[in-house]
2 protein chains.
Amino acid sequence: MTHSPPNPLWGEGSLESLAIGTIRTLAMDAVQKANSGHPGTPMALAAVTHTLWRDFLRYDPDAPDWPNRDRFVLSVGHASMLLYAVLHLAGVKEIDADRMPTGKPAVSLEDIKQFRQFGSKTPGHPEYRITTGVETTTGPLGQGCGNSVGMAIAECALAARFNRDGFNLFDHDIYVLCGDGDMMEGVSSEAASLAGHLGLSNLCWIYDSNHISIEGSTKLAFTEDLGKRFEGYGWKVVHVEDANDTAALASAFDVFGATDDRPTLIVVQSVIGWGSPRAGNEKAHGEPLGEDNVRATKKAYGWPEDSQFFVPDGVAEAFQAAIAERVRPARKAWEATFARYRKTFPMEAAQIDLLREGKLPGGWQAALPSFPTDAIGLASRDSGGKVLNAIAPHVPLLMGGSADLSPSTKTKMTFEGASSFERGDPAGRNLHFGVREHAMGSIANGMALSYLRPYCSTFLVFADYMRAPIRLAAIMELPVTFVFTHDSIGVGEDGPTHQPVEHLATLRAVPGLNTIRPGDANEVVVAWKVALEHSNVPTALVLSRQAIPTLDRKRYAAAEGLQKGGYVLAECKDGDPEIILIGTGSELPLVVAAHEKLRAEGVRSRVVSLPSWYLFEMQDDAYRKHVLPDAVRARLAVEQAGSLGWDRYVGSDGDTITMKTFGASAPLAILQEHHGFTIENVCAIARHIIGKHS
Amino acid sequence: MTHSPPNPLWGEGSLESLAIGTIRTLAMDAVQKANSGHPGTPMALAAVTHTLWRDFLRYDPDAPDWPNRDRFVLSVGHASMLLYAVLHLAGVKEIDADRMPTGKPAVSLEDIKQFRQFGSKTPGHPEYRITTGVETTTGPLGQGCGNSVGMAIAECALAARFNRDGFNLFDHDIYVLCGDGDMMEGVSSEAASLAGHLGLSNLCWIYDSNHISIEGSTKLAFTEDLGKRFEGYGWKVVHVEDANDTAALASAFDVFGATDDRPTLIVVQSVIGWGSPRAGNEKAHGEPLGEDNVRATKKAYGWPEDSQFFVPDGVAEAFQAAIAERVRPARKAWEATFARYRKTFPMEAAQIDLLREGKLPGGWQAALPSFPTDAIGLASRDSGGKVLNAIAPHVPLLMGGSADLSPSTKTKMTFEGASSFERGDPAGRNLHFGVREHAMGSIANGMALSYLRPYCSTFLVFADYMRAPIRLAAIMELPVTFVFTHDSIGVGEDGPTHQPVEHLATLRAVPGLNTIRPGDANEVVVAWKVALEHSNVPTALVLSRQAIPTLDRKRYAAAEGLQKGGYVLAECKDGDPEIILIGTGSELPLVVAAHEKLRAEGVRSRVVSLPSWYLFEMQDDAYRKHVLPDAVRARLAVEQAGSLGWDRYVGSDGDTITMKTFGASAPLAILQEHHGFTIENVCAIARHIIGKHS
């Protein structure tokens, strides 16, 4: 028996209107039960989402990891219940981390009742890896928009790599639901400008124009002509005057489908908290409606007022049947095509198998170079560029670029065939992000979410512009490599605005981010190796502008020690060390030189290279104490950066030579002298510390 | 005798063309001598800058601190030599930190020869406080654009506060030179959208469209219709087809002058490295031209090829005479008006005197509230809002707002007359920044650069979106108060994307930034007091979402201890403490409760409140050792944030209860239990540490 309540707002309840009402009321009920959350946007956008999923999105609930599925990105992450409700109604089946079906629904009604509870599959904002069907973690505004551009780039790149005549393996689209907040954030402006430049016709942003922000009407702060702005970016702009007008929505999606030279923005006028006493009011945004309002709203919807988490009979079935009828044949045809593809192109098919598992084709490690001892050496940005260019030909999914600094960050792939990814050249490996660091990070995350192994680069000081995507890469455990060069006062004349001081600490502070500051060219080799071998860890690769000597690895320990984060690089001749000297990056050779000078003076020092605190902290206690024995409390760390965090390794009785202030504009050698980064000063401070302990 | 070389590029050398050539060649020579820098943009924009300064900018070189001067912002900070050259030619007179003339030029020819050298007045990028005439520190792209919107807001606000009938004290304009990089950065998009919304007709951006970025042609990444975008923002857009066409430039500036309802963007087509063999090439951007190219360029300019730092006779004199003739009467008239104003409006005049000195009118401290002991207490965001509203009526220059979160950050001024700053209400005190954190920070910096005392607010986790302006506030030593609420897993159900973990460390890592995390309502009072009393220090005020008990300050030490950054809040009854418990923010009352429980069990603990590491590190060694005596090595710090940096205070033998991972979506109490932030766990760990030491 079907419970089909009459609906005064849209007439006798069709299954379509019931489905839309179900999405709305599930969101209201879940927020009310959690006594926390955002009901208004799911209520406003239920019809949009329903129309998209039922009639347009090529997403098979039976195969949520189908590589050629359309992506649905909820950039308005606070409207998470919208996504959970539709995942529930669509009957999306859960898969585990190994893409195996668990036999459970991605989101059950019980899961929805656990909205925002500890350990649930329905956290406050959608979280990638927690819930099947969540394509990216959203909440920080604008990020979903940026991610979507990365996904759209990835689709083009995958198509260019793998499609063959008659084998159209990759041709999916990316849909994004975004709101006023997304549109105000600079990251989405940057991403939109680049998407327009690249002509990403597989990208559709649906902008929920509800005229309401948290402080009140958007008239308070946001009155631009957004359509005109996006036309300026080179987008197709379509308007839908009523978010409940499913015919108009369908027409708009048709326009997107027919547009093959540019991305599409659909501007949808909506009413936040539609149908509730708080409709059109900012109070509908971020708090439960309250029990009375919930009842009043259900009454207005023609819904049983006392119902809770009510899914009328037949609603889910009809929704699922419509999706299945439209999508399942396409997905099955794809599987058949892929089976044929495997026979004709077994190598490529194997690569697709691997990428679905998050693995790289083997053998690239053999291409890793090694660098000869060199007293002058080379900048680690230079050795980084060489390593990148050595391995990239063997890692086809490796793709990246810079925020308009590749000649400086040395991250351009220059081997034959490594052209620029541009409109008309989707096989290009080098991305030109423009001076758009924030979007760059967010786009790189989107690429990683779509099977690529992205890297992106800028100066370390401008990591500040892209903190949010770095953090999200860590939360999502994405294998993105952030290459940050010009990593200290070694920048020299450009001065304090370009000299990072606090940035190493700010990266080391991010849980799950592997920050590596290699100390010579051979440590750079191992750093890139570690970055690529970790498929669930983002890496910040911190490299110098200035030349660093390449250490004699016969005299000193092998650079492979970097894999443990820290290692004993040089030991005193005999007896226990009187002091441990610790260095990273460009200061490692400085510390080694001081060690040699002290040795000549008869002072026993050990040198510890500590390029990755993240990896070092992963080692067991025994190894860490082997490197930094409790008995040797005289310790000196040298790093051209702020001291925050170093007390952990130098202890209460040690000291650091670090930056106490911002830098200054001057030639490097003068800055190093001024701030004490000289062999003489390292030796003097070391002797002083030893003196205190003897 | 005038050296007037014939100029094949623009005909027989007029003094105007010679002045423009002088700007170009000084830039070339300075970069060449330093063997470092950016010659191309000064060469491209010399005519623009010359025209602006000579014929439009209301800037009296004799009075660089005239409050009503037009502001010239070089957002393309890498083109610093353009600014230094014009400051030199204009004869701007140096003033010291107390605004007293030093008798020196702001930039002498000798200073230009010291370009990019240690301690010079001509660092690689313009630095506020280093060089008279530099209105803001620029270099990180987009920041000058954001600053300029703050300056434009400030002009409106100052006019609204101080202008009276017949006394037009504030009516200046803000001009910005910006480039492709600025235009690609999201921060300038955000700022432009807000400027258009507010209708800031005192704002003129001059966009240097040179079609070149560091990686090559802008065709690689930046092909949008920028004029259309800015029209979408509500700007007047004017085009100048040739950056050397001074008549067209003048017409464009006239359009700006005649536009009274919106900001103006002048799009100027230019050629980077104009006249040199590298003209129009990306190689002209960021490196010296090379001696041969310098000679060839001088030849093309009709300049003596062997000259260096050559200023033809009469050029500076003519430039200065033209400026003086146009501007000096206006400035003197202003002084006369201000003298009359002082008689009629002595109170307001005194306020203007004070603001020029960076001081606040006295007496506001008397309005500081105090909060009674309260076991339940209130969230520090709530007490923060109360303190703000108590003092703001007495501090007219205090102005600020939120990135669309004021109902949550509680930073809205609600007292009578505290309306919203909007088009048509320039006297409003509350700013609605929209969901634009990055621009918000940059705008706040601009406001502080124009005498206001700005604050701005968002959730702590979104400090990530505005790292660059926070850093620049610290570099410039600006009195901006950054209010960051929702400061830990205390955020609860919104989950890991909204729960800061690493952010306290990332703020503490910034040199010169006073990060304060007050532990109860009365510490909040002192925190706001400290923030406003420091006129040269930016403050990050870190506040809780959830309620915090208000401590009994008769039983425990007074909250004024916060002024020293850390203090002994509670002492054990008799004897030396067995352990020191350290807490900040919402964990301070937790630590106090643990202290009381341990006391009841006969364990002697001391409680140290450590809300500001910045202030604590400023204290002398004796005070710090008084608070944290060497003898007590059993220490435990409790903070709902990552542990990075805490080793400094807990030492090698102490421990922390801190966050090891990102948070999760769940009710707060469950998260606190899960992560060990309970009285029982604090006591257990404390006993364990004591056990190790006994």
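Here, each number is a calculation from the coordinates, and none is a lab measurement. Predicted model only: the values in this text are computed from it and were never measured. Please note: Cβ atoms are built from the backbone with ideal geometry, for glycine as well, and neighbour counts cover all protein chains shown.
From the square roots a ≥ b ≥ c of the eigenvalues of the alpha-carbon gyration tensor of the range A:364-549, which class results: rounded (a/c under 1.5), prolate (a/b over b/c), or oblate? It comes out rounded by the Cα gyration axes. With a 10 Å cut-off around each Cβ of A:638-645, the average count of Cβ atoms from other chains is 4. When the Cα gyration tensor is reduced to axis lengths a ≥ b ≥ c, the ratio a/c is 1.5 or higher for the range A:13-331, and with a/b not above b/c it is classed as oblate.
Mean partner shielding of peptide B:487-499, defined as the number of other chain Cβ atoms within 10 Å of each residue Cβ, is 6. The simple Förster model, with R0 at 45 Å and r as the Cβ-Cβ distance, assigns B:Gln269 and B:His674 a FRET efficiency of 0.15. Take the Cα of A:Arg295, go 7 Å toward its beta carbon, and the backbone nitrogen atoms of the range A:269-287 under 18 Å from that spot belong to A:276-278. Among B:419-425, B:386-392, the peptide with the highest mean count of other Cβ atoms within 10 Å heads the list, and the full ranking is B:386-392, B:419-425. May I ask you to work out the translational diffusion coefficient for the protein assembly as shown at 4 °C, viscosity 1.567 mPa s, via Stokes-Einstein with Rh from the Kirkwood sum over Cα pairs, reported in whole µm²/s? So the translational diffusion coefficient is about 40 µm²/s. The per residue volume of the convex hull around the alpha-carbon atoms of the range A:26-181 is 111 Å³. Each label point was placed 7 Å from the Cα along the Cα-to-Cβ direction; for B:Phe118 and A:Glu335 their separation is 7.0 nm. Averaged over the residues of A:186-199, the number of partner chain Cβ atoms lying within 10 Å of the residue Cβ comes to 5. Take the Cβ atoms of B:Ser217 and A:Val395, set R0 to 30 Å, and the FRET efficiency comes out at 0.55. All C-alpha pair distances within the range B:319-456, sorted into 5 Å bins from zero, spread as 2, 9, 13, 16, 17, 14, 11, 8, 5, 3, 2, 1, 0, 0 percent across the bins.
Net charge around A:Pro589, counting only other residues with Cβ within less than 14 Å of its Cβ (Lys, Arg = +1; Asp, Glu = -1)? Here the charged neighbours net out to -3. Working note: Karplus 6.51/-1.76/1.60 with θ = phi - 60° gives the range A:449-459 the couplings 6, 10, 6, 7, 10, x, 10, 8, 8, 6, 6 Hz, where Gly and Pro are set to x. All Cα-Cα separations within the range B:372-445 were binned at 10 Å from zero, giving a P(r) of 19, 47, 26, 7, 1, each value a whole percent of the pairs.
Alpha carbon centre of the range B:619-694 versus the range A:435-455: separation in Å? Rounded to whole Å, the Cα centres lie 37 Å apart.
For the peptides A:545-557, A:88-100, residues were scored by their other Cβ atoms within 10 Å and the scores averaged per peptide; the highest-first order is A:545-557, A:88-100. With the Kirkwood sum run over all distinct C-alpha pairs, chain A has a hydrodynamic radius of 27.0 Å. Extension gain for the segment B:Ala557 to B:Ile376, taken as residue separation times 0.36 nm less the Cα-Cα distance, is 63.2 nm to one decimal. Placing +1 on the Cβ of every Lys and Arg and -1 on the Cβ of every Asp and Glu, with no other charges, gives the range A:364-549 a dipole of roughly 300 debye about its Cα centre.
Scanning chain B for the beta carbon that comes closest to the axis linking it by rotation to A yields B:Gly186, 1, distance in whole angstrom. What separates the B:Pro667 label point from its copies, with the point 7 Å along Cα to Cβ, is 6.7 nm, written shortest first. When you restrict to C-alpha pairs under 8 Å that are six or more residues apart and normalise by the size of chain B, the relative contact order lands at 12 percent.
If each DSSP helix of 4+ residues adds -39,500 (n - 2.57) and the sum is divided by the residues in the protein assembly as shown, what number results at 222 nm, nearest 500 deg cm²/dmol? So the helix-based figure for the protein assembly as shown works out to -12000 deg cm²/dmol. Of the residues A:Glu110, B:Glu155, the one with the fewest other Cβ atoms within 10 Å heads the list, and the complete ranking is A:Glu110, B:Glu155. Each distinct pair of alpha carbons in the range A:564-693 adds a 1/r term; the inverse of their mean, the Kirkwood radius, is 14.8 Å. Couplings 3J(HN,Hα) of the range A:683-693, computed from phi: 5, 5, 5, 4, 4, 4, 5, 4, x, 5, 8 Hz, in residue order, whole Hz [Karplus 6.51 cos²θ - 1.76 cosθ + 1.60, θ = phi - 60°; x for Gly and Pro].
Label-to-label distances across copies for B:Ser307, with labels 7 Å out along Cα→Cβ, in nm, shortest first? Computed spacing set for this position: 8.6 nm. A straight chain from A:Ser251 to A:Phe167 at 0.36 nm per residue would run longer than the Cα-Cα distance by 27.3 nm. Maximal additional length on extending the B:Ala366-B:Glu596 stretch stands at 79.4 nm, based on 0.36 nm per residue less the C-alpha distance.
Classify the range A:330-373 as rounded, prolate or oblate from the Cα gyration tensor: take a ≥ b ≥ c as the square roots of its eigenvalues, call it rounded if a/c is under 1.5, otherwise prolate when a/b beats b/c and oblate if not. Prolate is the answer for the range A:330-373, as a/c is 1.5 or above and a/b outweighs b/c. The protection proxy used here, the mean number of other Cβ atoms lying within 10 Å of each residue, ranks peptides B:645-654, B:180-189 as follows, highest first: B:180-189, B:645-654.
When A:His626 is represented by a point 7 angstrom out along its Cα-to-C-beta vector, the spacings to that point in the other copies are 4.8 nm, nearest first. The relative contact order of the range A:364-549, computed from alpha carbon pairs under 8 Å that lie at least 6 residues apart in sequence, is 27 percent.
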